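The values are calculated or read from the model by the stated rules, or taken from the named source; none is laboratory data. The model shown is predicted, which means the values in this text are computed figures rather than measured ones. Backbone-built Cβ (ideal geometry, glycine too); neighbour counts: all protein chains shown. The accessibility values were calculated without ligands, DNA or RNA, using every heavy atom of the protein model including side chains. Shrake-Rupley method; radii C 1.70, N 1.55, O 1.52, S 1.80 Å.
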Amino acid sequence: MLKPDQQAMVDRAQHQEINGWRHIKVKGSPYECGFQEGYLLADEYKDARRVYEYMTLETFGMTYDWFAEQSLKLHRDMIPERWANELQGMADGLTAAGVPATLDDMIAWNDWMEVTGYWWPQNAGKIMSRPLMKTHRKEHCSAIVATGSATVDGKPYLGHESFDEFWSGQYFNVCKRVEPDEGHAFIMQASAPCMLSSMTDFYVTDAGLNITETTLAGFDRYDDAGMPEWVRIRDAVQFAGNIDEFVERLDAGNNGGYANAWLIADHNTGEIARYEQGLEFTSLKRTFDGAFFGCNAVFDPRIRNLECKDNGFNDPRQQTGARRQRWMELIDQYYGKIDLEVVKKMLADTYDVYLGYNCPSSRDICSHYDVDPQYYADDPDAVWNIPFYPAGSCDAKAAGPDDVKNMKMWGRYGRADGVEFNAKDFMDQHPLWKWMDGYLQDRPTQPWTLFD
């Protein structure tokens, strides 16, 4: 049973399940916001931890607990007090709900993607007899932002979909509204439960900003002494009032973790931007008239050539090159007509430019790795270069001027094109993957849902 002060905190929060999403609202001090989330999402966190612990060993050959130890050595003492208080609240909320947790647990949980995906590739050679071949796994999302003459009304529109391995992406169904005691209120897709920020990065803030990103494919740098990205982005989202402030806060302590091409729309001015953030090199492009897109291809030649391994920029057989071409085609096709419905249509696109026809595959804006025999990919270091890999589009999000003005967003859980994924049918057809039985979940067709 909750103590009176704990019950009072929970009573200020809200939790609703709708169309595959878990929509929560948290409010108050950092500790209060954290406690509310931990308590409301305890069951979801418990199951996600179970799956992540199993899949971490299967994926990396090292245990989840081992990576947690490395995370705490790196970052435990550098988490700012405000965010440490929120993480402590999450731990206490989970514990009050019957899922014992500590502050260390929350730091390691939030740090998992960065430590496994960015720190580990740079340090594996020091620990193992040989270095890992691949860089990191987070090289796969599609996004667009448009404004001015590119849109129907001259105002900004932004959309994004996450790609991930389905065992991980099945937990990207938390949509969280945060009303903090300081800074800007915001709504975000929180990806997995009990995350300080969003691993899938879709934000709408009451400062009039709409923010998303796609990762920089093949990025191969990391600074152990820097601030984790999940801390920097939360600070930028909550306290930035414009594009310049967002970039400044995101740059503070940059460690190269989760290196992204950020797409930003400022609805106060109508300006949009694409900010590619490497470690040594960065590139900020901005306009009041036109469109930017993200497909994990790296546009800045310094970042692409000096801080990344080959990322398929000009190769239509690879998912980055193919989607780069398709985004250019779609923007030309819909230029001047882009609105919320067109953004949703773009995110659901399954035209394969390498084959020259509509065909669900790894090369689509709405990717379907799980049905792709991978006849054409020949790069051994490419992302998920394995036939019938259970991965691809896991969601879709979009927002237009009216949504941002009222701090709302649209979301679709499951694939952006609505095609369902049935885990049993997939494993029966591809029995090589039956070792994932009990860890891979169905994702049925869901409609677009407005969160306000």
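Only a single criterion out of (1) out of contact with any Lys or Arg (no Cβ under 9 Å at 6 or more places or on another chain); (2) under 26 Å from Asp339 (Cα atoms) is not satisfied by Ala261, namely (1).
Looking for something surrounded by fewer than 21 Cβ atoms within 10 Å (Cβ to Cβ), at pLDDT 95 or above and of a type in the set (A, V, I, L, M, F, W, C) - is there at least one such residue anywhere in segment 103-111?
Within segment 103-111, one or more residues are surrounded by fewer than 21 Cβ atoms within 10 Å (Cβ to Cβ), at pLDDT 95 or above and of a type in the set (A, V, I, L, M, F, W, C).
Only residues that are modelled with pLDDT of 95 or more, surrounded by 24 or more Cβ atoms within 10 Å (Cβ to Cβ), assigned to a loop (DSSP other than H, G, I, E, B) and among the hydrophobic types (A, V, I, L, M, F, W, C) were counted across segment 183-194, and they come to 1. Listed by position, the strands (runs of 3 or more DSSP E) enclosed by segment 219-322 that each have at least 1 residues that are of a type in the set (Val, Ile, Thr) are 260-266, 271-277, 282-287. Does any residue of segment 431-439 turn out to be within 27 Å of Asp310 (Cα to Cα) and in contact with a helix residue (DSSP H, G or I) (Cβ under 9 Å, 6 or more places away or on another chain)? No; the residues of segment 431-439 include none that is within 27 Å of Asp310 (Cα to Cα) and in contact with a helix residue (DSSP H, G or I) (Cβ under 9 Å, 6 or more places away or on another chain). Scanning segment 248-272 for residues that are open to solvent by 20 Å² or more (accessible area, probe 1.4 Å) and not basic (Lys, Arg) turns up Glu248, Asp251, Ala252, Gly253, Asn254, His267, Asn268, Thr269, Glu271.
Would you mind stating whether Lys138 is under 12 Å from the mean Cα position of the chain (by Cα) and either in a loop (DSSP other than H, G, I, E, B) or modelled with pLDDT under 95 (or both)? It is true that Lys138 is under 12 Å from the mean Cα position of the chain (by Cα) and either in a loop (DSSP other than H, G, I, E, B) or modelled with pLDDT under 95 (or both).
For segment 76-84, the condition of being out of contact with any Cys (no Cβ under 8 Å at 6 or more places or on another chain), of a type outside the set (A, V, I, L, M, F, W, C), buried (at least 24 other Cβ atoms within 10 Å of the Cβ) and at pLDDT 95 or above holds for none of the residues.
For segment 9-27, the candidate set comprises residues that are assigned to a strand (DSSP E or B) and among the basic types (Lys, Arg); within that set, the residue that is most open to solvent (accessible area, probe 1.4 Å) is Lys27.
Taking every residue in segment 41-69 that is more than 17 Å from Phe166 (Cβ to Cβ) and pairing it with any residue that is aliphatic (A, V, I, L, M), at least 6 positions away or on another chain, the pairs with Cβ-Cβ distances below 6 Å are Ala42/Leu94; Ala42/Ala97; Ala42/Val99; Lys46/Val99; Thr63/Leu57; Phe67/Val115; Ala68/Ala108. Identify, please: which residue in segment 314-327 is over 21 Å from the mean Cα position of the chain (by Cα) and touching a residue at least 12 places away in the same chain (Cβ under 8 Å) and is, among those, surrounded by the most Cβ atoms within 10 Å (Cβ to Cβ)? The extreme case among them is Arg326.
A residue that is touching an Asp or Glu at 6+ places or on another chain (Cβ under 6 Å) and assigned to a loop (DSSP other than H, G, I, E, B) occurs somewhere in segment 326-348. Every condition in (1) open to solvent by less than 20 Å² (accessible area, probe 1.4 Å); (2) out of contact with any Asp or Glu (no Cβ under 6 Å at 6 or more places or on another chain) is met by Tyr64 except one, and the failing one is (2). One residue stands out in segment 349-366 among those that are of a type in the set (Ser, Thr, Tyr) and in a loop (DSSP other than H, G, I, E, B): the one that is surrounded by the fewest Cβ atoms within 10 Å (Cβ to Cβ), namely Tyr354.
Within segment 198-218, can you find the residues that are among the hydroxyl-bearing types (Ser, Thr, Tyr) and assigned to a strand (DSSP E or B)?
Within segment 198-218, Tyr203, Thr205, Thr212, Thr214, Thr215 qualify.
Each residue in segment 279-308 was checked for being surrounded by 16 or more Cβ atoms within 10 Å (Cβ to Cβ), closer than 24 Å to Asn385 by Cβ and either free of Cβ contacts under 8 Å to residues at least 12 places away in the same chain or not β-branched (Val, Ile, Thr) (or both), and 9 pass. Checking Glu58, Glu53 one by one, the residue that is within 29 Å of Arg443 (Cβ to Cβ), touching a Ser or Thr at 6+ places or on another chain (Cβ under 9 Å) and of a type in the set (D, E, K, R) is Glu53 and no other. Could you list, in sequence order, the residues of segment 142-170 that are surrounded by fewer than 24 Cβ atoms within 10 Å (Cβ to Cβ) and either free of Cβ contacts under 8 Å to residues at least 12 places away in the same chain or in a loop (DSSP other than H, G, I, E, B) (or both)? Once the filter is applied, which keeps residues that are surrounded by fewer than 24 Cβ atoms within 10 Å (Cβ to Cβ) and either free of Cβ contacts under 8 Å to residues at least 12 places away in the same chain or in a loop (DSSP other than H, G, I, E, B) (or both), segment 142-170 yields Ser149, Ala150, Val152, Asp153.
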